[in-house]
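In what follows, a structure is listed as structure tokens, so that the remarks can point back to it.
The values are calculated or read from the model by the stated rules, or taken from the named source; none is laboratory data. None of the values given here were measured: they were computed from a predicted structure. We place every Cβ from the backbone using ideal geometry, glycine too, and count neighbours over all the protein chains shown. Calculation scope for accessible area: heavy atoms of the full protein, side chains included, ligands and nucleic acids excluded. Shrake-Rupley method; radii C 1.70, N 1.55, O 1.52, S 1.80 Å.
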Amino acid sequence: KELAMTYDLEKHMNCVRKAKERELENQEKQILEQKTKLKEEQNKLKEQENNLKEEKNRIKEKESNLKEEQNKIKEERNELKEQETKVKEYEQKLIKQKEKIESEKINIVKNLLNLNMDIEQVSSITNLSINEIKKIV
């Protein structure tokens, strides 16, 4: 009887041990599966991080290009302002020259008329119409 009980106890213990071993094996499998999933998630996160870094670098490059463009535009604007100033100065010079020429024409007309030259002769010499000459006088 004792032998049978011992045998049954051993049998029971073996069954319990095997059940525990199976349970440990299942737990190990679950842990390995979790580790694999974690590694996959880590890899995905690393990939996302790399993608974000690349995007950040692209954005920085675009910002740099935009700043360069802004600087070019500022330079061009300054050049245009300089040119505009030069054009205005030149226009003023031309206006003064035109006024001077007009003034000289008037003086020439007056001088020619003071010399008792005929108004038609003055017209042909100065290329001014008779009406223009009359307005001057």
Being part of a helix (DSSP H, G or I) and under 60 Å from the mean Cα position of the chain (by Cα) is the filter here; which residues of region 115-135 pass it?
126, 132
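Looking at this structure, is residue 112 part of a helix (DSSP H, G or I) and open to solvent by 100 Å² or more (accessible area, probe 1.4 Å)? Talk me through it step by step, then tell me what you get.
Numbers: part of a helix (DSSP H, G or I): yes; open to solvent by 100 Å² or more (accessible area, probe 1.4 Å): no.
Criteria not met by residue 112.
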Do the conditions hold for residue 63, that is, is it out of contact with any helix residue (DSSP H, G or I) (no Cβ under 9 Å at 6 or more places or on another chain) and in a helix (DSSP H, G or I)?
yes
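Going residue by residue through region 55-65, is there one that turns out to be hydrophobic (A, V, I, L, M, F, W, C), open to solvent by 100 Å² or more (accessible area, probe 1.4 Å) and modelled with pLDDT of 95 or more? I'd like the intermediate steps shown before the answer.
Taking region 55-65 first, the residues hydrophobic (A, V, I, L, M, F, W, C) are 59.
Right, trim to open to solvent by 100 Å² or more (accessible area, probe 1.4 Å) and you get none.
Checked against the condition, which is being hydrophobic (A, V, I, L, M, F, W, C), open to solvent by 100 Å² or more (accessible area, probe 1.4 Å) and modelled with pLDDT of 95 or more, region 55-65 yields no hits at all.
Hey, does region 19-31 have a residue that's within 45 Å of the chain's Cα centre (by Cα) and either in a helix (DSSP H, G or I) or not hydroxyl-bearing (Ser, Thr, Tyr) (or both)? Outline the logic, then answer.
Taking region 19-31 as the starting set, the residues that turn out to be within 45 Å of the chain's Cα centre (by Cα) are none.
No, region 19-31 has no match at all.
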Cross-chain or 6+ apart pairs with Cβ under 6 Å, region 102-122 first and under 10 Å from residue 136 (Cα atoms), then among the hydrophobic types (A, V, I, L, M, F, W, C):
106/136; 109/122; 109/133; 109/136
